[in-house]
Amino acid sequence: MYRFLLTPRWWGINVFVLLAIPFCVFMGSWQLSRFEGRVQDHRTATEQAADSRHEKAVPLARMLPVDKATSGRRVEVSGEYGRQLLSPGRELDGKTGFYVVTLLRTPNGESLPVVRGWLPGTADPAKAPAPPAGKVTVTGALQAPESPGSNGVPATGGLPSGQTNAITPASLVNLVPDKLYAAWVTLDRGDAGMKAVPAIAPVGTGLDLKAFQNLGYTGEWFVFAGFVVFMWFRLLRREAEAARDAELGLVTDGADTPEGAGTPTAV
């Protein structure tokens, strides 16, 4: 009854199944490893940010460029505050407000965005405390440039003068005459009564949409593997039933007889 398994058609089906199942399992395992890697990166970044609060601050230059290993580390840098900007639509402790971002001009002529704190409500320059005058030394957590639309960063455009949606050189280049650092710092303690902005994990290390896409792809690949097995058994059952009917003489049309099942005998 199962002689049809030796036909060329079924050899092709079997080879496809034997190749498709391991491939689907491999791809599912790979996507799962990507998700687990992002979970581990998120855990490491969170632990690093927590540990960094208690470590001694180091000069900014030693932590550049910003990467997964240096993001969230405590740094110190000296300079003079210059232009002040506001970044609206920022949430903190379940409330919406804005960051007060002041550019710190360092001795080498480059400007570093410093988030001096967060204030609730609508962004208003009148609400933002003026920065200290003269030379200052600031200490805070080093952060990578933001990407609009990720990690809670607003992606809105058309902001009023003096406002920016993301703290990144691409957004600030037309607002500041100096060369900008590809980084920013959030102060350990909010300046002038403002609430300090906690450090965040760099892009690609959090449990964001991409991480859960990896988890979703994992499920899809394993479902594909199960579907291949299901279809193989379904085809096998249909062919076996047709072969059995042919052997019992229940099929009289030769066109419906499966390959290898033989010629049905007349009743």
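Read-outs throughout are calculated quantities, based only on the coordinates presented, and are distinct from any laboratory measurement. Here the structure is a predicted model, which means the values were calculated and not measured. Every residue, glycine as well, gets a Cβ built from its backbone with ideal geometry; the counts of neighbours run over all protein chains shown.
Between the range 108-141 and the range 90-107, how many Å separate their Cα centres?
When both Cα centres are located, 7 Å separates them.
Between N174 and V58, how high is the FRET efficiency from 1/(1 + (r/R0)^6) when r is the Cβ-Cβ distance and R₀ = 30 Å? Nearest 0.05. Mind dumping the intermediate values first?
Details: r = 32 Å, r/R0 = 1.05.
Once the sixth-power term is evaluated, E becomes 0.40.
Amide H to amide H, which residues 5 or more places from R83 or on other chains are under 5 Å from it, using H placed in the peptide plane?
HN-HN under 5 Å from R83: L103.
For the range 72-200, what does the alpha-carbon gyration tensor say about shape, rounded, prolate or oblate, given a ≥ b ≥ c as the root eigenvalues, a/c under 1.5 as rounded, and a/b over b/c as prolate? If you can, show how the numbers build up before the last one.
Working: a/c = 1.36, a/b = 1.22, b/c = 1.11.
Rounded, because the longest to shortest axis ratio a/c is under 1.5.
Suppose R0 equals 25 Å; then what is the FRET efficiency for R105 and A192 from their Cβ-Cβ distance, rounded to the nearest 0.05?
Working: r = 19 Å, r/R0 = 0.77.
So, using R0 = 25 Å, E works out to roughly 0.85.
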